[in-house]
Amino acid sequence: MANSKYEYVKSFEVEDEVMFPNLIIIHIDSLDFSRFSQVHKFEKPNDETALNLMNSCASSVLEEYPDIVFAYGYSDEYSFVFKKTSRFYQRRASKILSLVASFFAAVYVTKWKEFFPHRKLVYAPSFASKAVSCASIEVLQAYLAWRQHDCHIGNQYDTCFWMLVKSGKTLSETQEILKDTQKQQRNELLFQQFGINYKMLPALFRQGSCLFKTKVEETVKHDENGNPVKRLRRRETLVHSENIAGRSFWNEHSSLHKDLGHFAKEIGKIEPDYVKSFQFESRLLPLTWVVVRIDGCHFHRFSEVHEFEKPNDEQALKLMNSCAVAVLEEFQDIVFAYGVSDEYSFVLKNKSELYKRQSSKIISAIVSFFTSTYVMRWGDFFPHKKLKYPPSFDGRAVCYPTSDILLDYLAWRQVDCHINNQYNTCFWMLVKSGKSKTQAQDYLKGTQTREKNELLSKQFVIEYNSLPVIFRMGSSVFRLKMQEGVTEENGEVSGKQVEAEVVVDFSNIIDPCFWQQHPHIL
Ligand code: GTP
Ligand code: MG
């Protein structure tokens, strides 16, 4: 399609493929979990129900993405390992890490009630995710050993910490007592002061949880004589194990060494250079405008299953807009957002230092927060429609060096909105009037804007420009001008900043007038 002069902005998107033979791990962890666990009154140091919820979400992730063959998690984190031959989404890191974080967040909200039937989910959770690449199976082995070591150390410390606090010590006294203590000293402290044998604590807390797929025989039906008919099915298996990086654990499970490889030796000391690579976070170019664009995954199917109106479902768009407003309220550095169909672009101001400009963290935080909000607010927009399965969105971040190029990016999206909406309006009017989908497609092939407008007005008595502006223009979300000072009753101007209201607007953002009217946005 002769799209527009703005298409060049696509060239700013960068490739981030994880090349073969690197193994792909997606690591996710809850953002600001200490606040989340406090607000939701999780037990300290471990809340068994919250851990079971995490495990259940991870199990759904394994079911959703067949290329993920192993997962390990504890506390508020999970690592998902893809099989070595995976070509999932052409191995594009942002796409994969954002999808996993988004899907995980959606499932977390969906399953919350099942695990906490008497506790309200107070706010939408979000997860940071990143892609770790392991050049060989030995590096994966080191990664697993590293994560399980952290689980062990963290759990032992936290167990001591909260036992001391529960026994009456203040937080700072507790910190002081535990400062510089070694593993053995902490075990002794637990035993001597509290009669706790650390080794006897639940394996779920001490060792974390592993998930992988095994073939299990299941009864699928009974034949006419009442005999069970059995089939081999791949099921997620959850186990706790003392040493997940050990050869015996790994070699015991044939699916793991088939999909990932053998551990040749037992692991000794974890190579510090490997740990450095696991912790590496790439950063977005300083002082550039960052756009995080998210897009619904397989929304073609999602909109069918949920019987969205064609070509545009106003409620579905309003739900998207409501989530975008929530994103702007949550992330102060996002100055503008533009949405159409199942996608939204979020613009971070060029001076933003959000998460030290770590790309994966920015993408995943936004996309997972958007998704969990979408699930939480579904019922407000579709009170009579059940959400049949958790939606997910992918995300990417692109840097634009100047505000002019940024405006061209936004214009590109709005032109796209116009072209798609006009096409879809004609297409669905033709289909509703009795044409097959192929006939409608053929009919519209090669038609220009003017011809499509004529078709609508002549055949269907629809003036394109009188269609709802939300469909034609897409939605813009931004803050109304921040009030610098407030005039008090006595006439004095105080320096108080007033929270600026976030609004949804359906303007033509290609027109420079829009930006002149709102000079504070960029
Ligand atoms: P991926 O993004 O590649 O995973 O595929 P997708 O199926 O999400 O397609 P894409 O993002 O290219 O396009 C969005 C799709 O969502 C459209 O093609 C529609 O099928 C559907 N969609 C979005 N908004 C609406 C809506 O308001 N009504 C209806 N009926 N469908 C919609
Ligand atoms: Mg989509």
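The values are calculated or read from the model by the stated rules, or taken from the named source; none is laboratory data. Fair warning: this is a prediction, and the values are worked out from it, not measured in the lab. Don't worry about glycine lacking a Cβ; one is built from the backbone with ideal geometry, like all the others, and counts go over all protein chains shown. Areas reflect the complete protein model, heavy atoms only, side chains present, ligands, DNA and RNA absent. Shrake-Rupley method; radii C 1.70, N 1.55, O 1.52, S 1.80 Å.
The residue list ALA142, LEU178, GLN192 was ranked by how far each Cα lies along the charge dipole of the stretch 140-253 toward its positive end, using unit charges on Cβ atoms, and ALA142 comes out on top.
Principal-axis analysis of the Cα atoms of the chain puts helix 183-194 at an angle of about 80° to the longest axis. Between HIS149 and SER255, the simple spin-label model (points 7 angstrom out along Cα→Cβ) gives 2.9 nm.
Grab the beta carbon distance between HIS240 and GLN459, set R0 = 60 Å, and tell me the FRET efficiency rounded to 0.05.
Given R0 = 60 Å and the Cβ-Cβ separation, E is 0.35.
Modelled spin-label separation between GLU15 and GLU64, with each label point placed 7 Å from Cα along the Cα-to-Cβ direction: 2.8 nm. Accessible surface calculations at 1.4 Å, restricted to protein heavy atoms, place the stretch 414-453 at 56 Å² per residue. Shown is the FRET efficiency for LEU522 and THR438, computed with R0 = 41 Å from the Cβ-Cβ distance and rounded to the nearest 0.05: 0.40. A viscosity of 0.692 mPa s and a temperature of 37 °C, combined with the Kirkwood radius over C-alpha pairs in the Stokes-Einstein formula, give the chain a diffusion coefficient of 126 µm²/s.
Potential lengthening of the chain between VAL122 and SER282 amounts to 54.4 nm, from the contour at 0.36 nm per residue minus the alpha-carbon distance.
Computed extension length for PHE88-VAL220: 44.5 nm, one decimal, from 0.36 nm per residue of separation with the Cα-Cα distance subtracted. Working from Cα pairs under 8 Å separated by at least six residues, relative contact order for the chain is 18 percent.
Simple point charges give the picture: +1 on the Cβ of Lys and Arg, -1 on the Cβ of Asp and Glu, and for the stretch 16-142 a dipole about the Cα centre of about 260 debye. Counting only DSSP H runs of at least 4 residues, each contributing -39500 (n - 2.57), and dividing by the residue count of the chain, the helix-based mean residue ellipticity at 222 nm comes to -14000 deg cm²/dmol. Take the Cβ atoms of LYS199 and GLU309, set R0 to 41 Å, and the FRET efficiency comes out at 0.10. Taking LYS221 as the anchor, which lysines have their alpha carbon closer than 25 Å to its alpha carbon, excluding any fewer than eight residues away along the same chain? Hits, sequence-local ones excluded: LYS213, LYS230. Work out the charge dipole of the stretch 7-68 with +1 on the Cβ of Lys and Arg and -1 on the Cβ of Asp and Glu about the Cα centre, then indicate which of ASN52, ILE24, VAL14 is farthest towards its positive end. Selected residue: ASN52.
Its residues counted as N, the stretch 1-120 yields a C-alpha radius of gyration over 2.2 N^0.38 Å of 1.32. If the chain linking LEU480 and GLU43 were pulled fully straight, counting 0.36 nm for each residue of separation and taking away their Cα-Cα distance, it would gain 153.2 nm. Extending 7 Å from the Cα toward the beta-carbon at both ASN420 and GLN175 defines two label points whose distance is 4.9 nm. Solvent-accessible surface of the stretch 184-331, taken per residue with a 1.4 Å probe and all protein chains present: 59 Å².
Applying the Karplus relation 6.51 cos²θ - 1.76 cosθ + 1.60 with θ = phi - 60° to the stretch 462-475 yields 3J(HN,Hα) values of 10, 8, 3, 5, 9, 5, x, 5, 4, 6, 7, 9, x, 10 Hz, where x marks Gly and Pro. Measuring from centroid to centroid over Cα atoms, what is the spacing of the stretch 153-219 and the stretch 221-248 in Å? If we compute the Cα centre of each part, the gap is 31 Å.
Look at where the Cα atoms of the stretch 364-401 and of the stretch 304-328 average out, and the two centres are 10 Å apart.
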